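One structure is given below, encoded as structure tokens.
The values are calculated or read from the model by the stated rules, or taken from the named source; none is laboratory data. Quantities reported herein were computed from a predicted structural model and do not represent experimental measurements. We place every Cβ from the backbone using ideal geometry, glycine too, and count neighbours over all the protein chains shown. What goes into the accessible areas is simple: the full protein's heavy atoms, side chains included, and nothing from ligands, DNA or RNA. Shrake-Rupley method; radii C 1.70, N 1.55, O 1.52, S 1.80 Å.
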Amino acid sequence: MSWDWSAVDAFMPRFWDGLWVTLQALALGALLAFGLGLVWALAQHSGPAAVRLPVTAVTEFVRNTPLLVQLFFLYYVLPEWGITLSATATGILGLGLHYSTYTAEVYRAGIDGVPEGQWEAATALNLSRRRTWSGVILPQALRRVAPALGNYVIAMLKDTPMLFVIGVMEMLGAARQFSSETFLTVEAFTVVGVAFLVLSCPASLLLRALERRLVR
């Protein structure tokens, strides 16, 4: 078995398209996960029981079922209820919804880690509930949990190949399609593997540096 550079050249246009789709799904999925996760965390931390209990039930259900099952549900079942999304939009929604249940726990840990004295100081200053959260609690909580949130972005990157099952042509999907048409598997899958390393390893190093900086 020898390395065929012409196969790499032939695969690269599909690779760049797949890379763009992967990064798009990752960025939008992460934004959705961060936003929804914060909503879930606030609802569970300070919402009334009528809100807190359903939110807890939903997040537990999503967190304890496989992402693959959720993708199939969103793509094949939602249209039966009149909700039809493109494959890419479904993938972004699936990633964001799934990981929002994990970021919610990260946010909750950060909020619980804010010293009780900070809450008491906000009360003593007669700050409104909104000002207490936005100006005192959340800035401290987010500073504590930033590295953990970053770790979930890396985990989400490694889960993007699952989107191929609903027709999203991300990097690994592009390699599978190319290899099925040309029977040149080594070059395509090697390029994709290297791409994942190039994306995830520097991100991991940056997160470690960020964690050390925040701990100071």
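Name the residues in the stretch 102-143 that are under 19 Å from the mean Cα position of the chain (by Cα) and not hydrophobic (A, V, I, L, M, F, W, C), would you? Passing the criteria: Tyr102, Thr103, Glu105, Tyr107, Arg108, Gly110, Arg143.
Filtering the stretch 49-92 down to residues that are among the hydroxyl-bearing types (Ser, Thr, Tyr) and part of a helix (DSSP H, G or I), which residue is farthest from Ala30 (Cα to Cα)? First the steps, then the outcome.
As a first pass, look at the stretch 49-92 and keep what is among the hydroxyl-bearing types (Ser, Thr, Tyr): 56, 59, 65, 75-76, 84, 86, 88, 90.
Subset that is part of a helix (DSSP H, G or I): 56, 59, 75-76, 88, 90.
Working: Thr56: 21, Thr59: 17, Tyr75: 19, Tyr76: 23, Thr88: 14, Thr90: 14 Å.
Selected residue: Tyr76.
The residue that is most open to solvent (accessible area, probe 1.4 Å), among those in the stretch 1-57 that are in contact with a Lys or Arg (Cβ under 7 Å, 6 or more places away or on another chain) and aliphatic (A, V, I, L, M), is Ala43.
Residue pairs whose Cβ atoms lie under 7 Å apart, separated by 6 or more positions or on different chains, with the first residue in the stretch 48-59 and at negative phi and the second among the aromatic types (Phe, Trp, Tyr) and surrounded by 10 or more Cβ atoms within 10 Å (Cβ to Cβ), are Val55/Trp40; Thr59/Trp40.
Can we say Ala89 is modelled with pLDDT under 95 and either touching an Asp or Glu at 6+ places or on another chain (Cβ under 9 Å) or hydrophobic (A, V, I, L, M, F, W, C) (or both)? Lay out the reasoning, then the answer.
Values: modelled with pLDDT under 95: no; either touching an Asp or Glu at 6+ places or on another chain (Cβ under 9 Å) or hydrophobic (A, V, I, L, M, F, W, C) (or both): yes.
Criteria not met by Ala89.
Gly82 meets each of the listed conditions (1) open to solvent by 20 Å² or more (accessible area, probe 1.4 Å); (2) at negative phi apart from (2).
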